[in-house]
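Read the structure below first, then the notes.
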Amino acid sequence: MTSNETDNGTQSLLRYTAKRDVTGALVYVFCMRADNRQMALEPLVTRALQRGEIHELIVSQSPDIDPGKPVPDVAYIGFFEIEQGGIAEVGDDVFAGDRRLGRLAGFDLTHMPNHLNVVVATDQALTGAELSLALGAPIVFRTPAGARPAPEGIHLKL
């Protein structure tokens, strides 16, 4: 849990006053999962996702996944291309189509510089195929509803 989250994992205080959505579209739909993958999330809170980049979207039901922690079991959603770049931040809500997948948990750099593994904490780890996602399905990273900027002068621990 990062210091700008509440005990239930929802982000309460933001480090910014405004942030646009990062949007993309699926270009590859996975139908696989990996048990005991032991993906290593980097101790990074944000990543700039630039227009035209392609990254991998992964979900996990593992409890307490956050930057700097391992992720044992995963389900693969697919690869997506960034259409509108911006900053993806741990705690963002992540959507595939009209379905909220969960909260952005962190980033794994195993395949860099080819692509990032973007890992989402979810309640139900389903693959892209199990979610019936199609090529072109929209992917969105969005500030969580109800989150608010930290008051001026507050220092958030990162």
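Against the test of being among the β-branched types (V, I, T), within 18 Å of L14 (Cβ to Cβ) and in contact (Cβ under 8 Å) with a residue 60 or more places away in the chain, the options V120, V94, V59, V140 yield a single qualifying residue, V140. Suppose the filter is over 11 Å from the mean Cα position of the chain (by Cα), surrounded by 13 or more Cβ atoms within 10 Å (Cβ to Cβ) and touching a residue at least 40 places away in the same chain (Cβ under 8 Å); does L126 pass it? The answer is yes for L126. For the range 132-140, the condition of being under 11 Å from the mean Cα position of the chain (by Cα) and at pLDDT 95 or above holds for at least one residue.
Taking the numbered list (1) small (G, A, S); (2) over 25 Å from M32 (Cα atoms); (3) surrounded by fewer than 15 Cβ atoms within 10 Å (Cβ to Cβ) in turn, A147 passes all entries but (3). Scanning the range 97-117 for residues that are without any contact (Cβ under 8 Å) to a residue 60 or more places away in the chain and outside any loop (DSSP other than H, G, I, E, B) turns up R99, R100, L101, G102, L104. Applying the condition of being surrounded by 13 or more Cβ atoms within 10 Å (Cβ to Cβ) and of a type in the set (S, T, N, Q) to the range 11-64 and asking which residue is modelled with the lowest pLDDT yields Q11.
Of the residues that sit in the range 65-91 and are crowded, with 20+ Cβ neighbours inside 10 Å and over 12 Å from F107 (Cβ atoms), which one is nearest to the chain's Cα centre (by Cα)? Filtering first and then ranking leaves G91.
Consider the range 118-142 and keep the residues that are part of a loop (DSSP other than H, G, I, E, B) and β-branched (V, I, T). The one that is nearest to F80 (Cα to Cα) is T127.
The values are calculated or read from the model by the stated rules, or taken from the named source; none is laboratory data. Everything quoted here is computed from the prediction, not taken from an experiment. Note: ideal-geometry Cβ built from the backbone for every residue, glycine included; neighbour counts use all protein chains shown.
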